[in-house]
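This report concerns only the one structure given below.
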Amino acid sequence: MDVIEIDGANLLRDAADGWQLQASVVSQDRTRLACILLIGQRFRVERFLRGHMRPQWHGEWWVQQPQHSITDSGQQAQVLADEWLAPVG
């Protein structure tokens, strides 16, 4: 497991899963994060909200949301990430 700091919050990554982080983008209001990962020819978009983890883990963390997307196109992955990061309302 690796901890990566992104925009003042910690992201916990399992390096053993084989997915390589290609891009991470934070929403304008700094509450949402989209990560685009690559394995082979497939792209995965993971979605996170800024929040807090278990009490023993201090500071802010990016908390993974249950939904994720897998696509064959980097362009489609970017579109999915942009949808997650679009302003709400």
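Cα centroids of region 1-55 and region 59-89: 9 Å apart. Under the combined filter of DSSP loop state and at most 15 neighbouring Cβ atoms within 10 Å, the chain retains these chymotrypsin sites (Phe, Trp or Tyr not before Pro): Trp57. Of all the options Arg32, Arg47, Arg13, the one that moves most in a Gaussian network model of the chain with Cα springs shorter than 10 angstrom is Arg13. Under the convention that each Lys and Arg Cβ holds +1 and each Asp and Glu Cβ holds -1, the size of the dipole of the chain around its Cα centre is about 140 debye. With each label modelled as a point 7 angstrom along the Cα→C-beta vector, the Glu60-Ile6 pair spans 1.4 nm. Computing percent of Cα pairs over 23 Å apart directly from the structure and comparing it against [x] 47; [y] 21; [z] 12 singles out [y].
We did not get these values from a lab; they are worked out from the coordinates using the rules stated. Just so it is clear, the model here is predicted, and its values are computed rather than measured. All Cβ positions, even for glycine, are placed from backbone atoms using ideal geometry, and neighbour counts span all protein chains on display.
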